[in-house]
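Inspection log for the structure reproduced underneath, given as structure tokens.
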Amino acid sequence: MDKFENISVADAKSLIAEKPVNFADIRDLDSFNAQHIKGAQHLTNENLQEFIQESDPDCPLIVYCFHGHSSQPAAQLLIDRGFEEVYSLIGGYESWVDPINHS
């Protein structure tokens, strides 16, 4: 991939069923601590370099924010930093917890 792709909740769940997937949550720390997708890592400007060094660039990565807007530039940044398969979750975390009203 030269560019990230947008992914729906349904397609994300299908991808997870097929193979291991990593999640990067770029919401604020309080929101992350309150609730996040199981296994997600909290990603900030402060821990970006550590995340890049410690993550498998060949493993699919789904980046999400609150509503799916801020995660798009973050997803592209990770593509630019060498990650091979990066997605931005359409509708963000809100669509994950309430896919009916955010599809």
What residue among Ile62, Ile79, Ile16 has the largest mean-square fluctuation in a Gaussian network model of the chain, using Cα springs under 10 Å?
-> Ile16
Averaging over all projection directions, find the projected area of the Cα convex hull of the chain and quote it in nm² with one decimal place.
-> 6.0
Net charge contributed by nearby residues that have their C-beta within less than 14 Å of Ile16 (K/R +1, D/E -1) = 0
What does the accessible area of Arg27 come to, in Å² to the nearest 10, when a probe of 1.4 Å is used?
-> 10
Send over a whole-number figure in Å² for the accessible area per residue of the chain, probe 1.4 Å.
-> 57
With all protein chains present and a 1.4 Å probe, how do Lys13, Lys38 order by accessible area, largest first?
-> Lys38, Lys13
By accessible area of protein heavy atoms, probe 1.4 Å, what ranking do Asp80, Asp56 get, highest first?
-> Asp80, Asp56
What number, rounded to the nearest 500 deg cm²/dmol, is the helix-based mean residue ellipticity at 222 nm of the chain, given -39500 (n - 2.57) per DSSP H run of at least four residues and division by all its residues?
-> -10000 deg cm²/dmol
Taking the reciprocal of mean 1/r across every pair of different Cα atoms in the stretch 50-95, the Kirkwood radius in Å is 10.6
How much of the accessible area of the chain, in percent, comes from carbon and sulfur atoms when a 1.4 Å probe is used?
-> 48
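Dividing the alpha-carbon Rg of the stretch 13-69 by 2.2 N^0.38 Å yields what?
1.13
The values are calculated or read from the model by the stated rules, or taken from the named source; none is laboratory data. Model, not experiment: these values are computed from the prediction. Every residue, glycine among them, receives a Cβ derived from its backbone with ideal geometry; neighbour counts consider all protein chains shown. When the accessible area is computed, the model is the full protein with side chains, heavy atoms only, and any ligands, DNA or RNA have been set aside. Shrake-Rupley method; radii C 1.70, N 1.55, O 1.52, S 1.80 Å.
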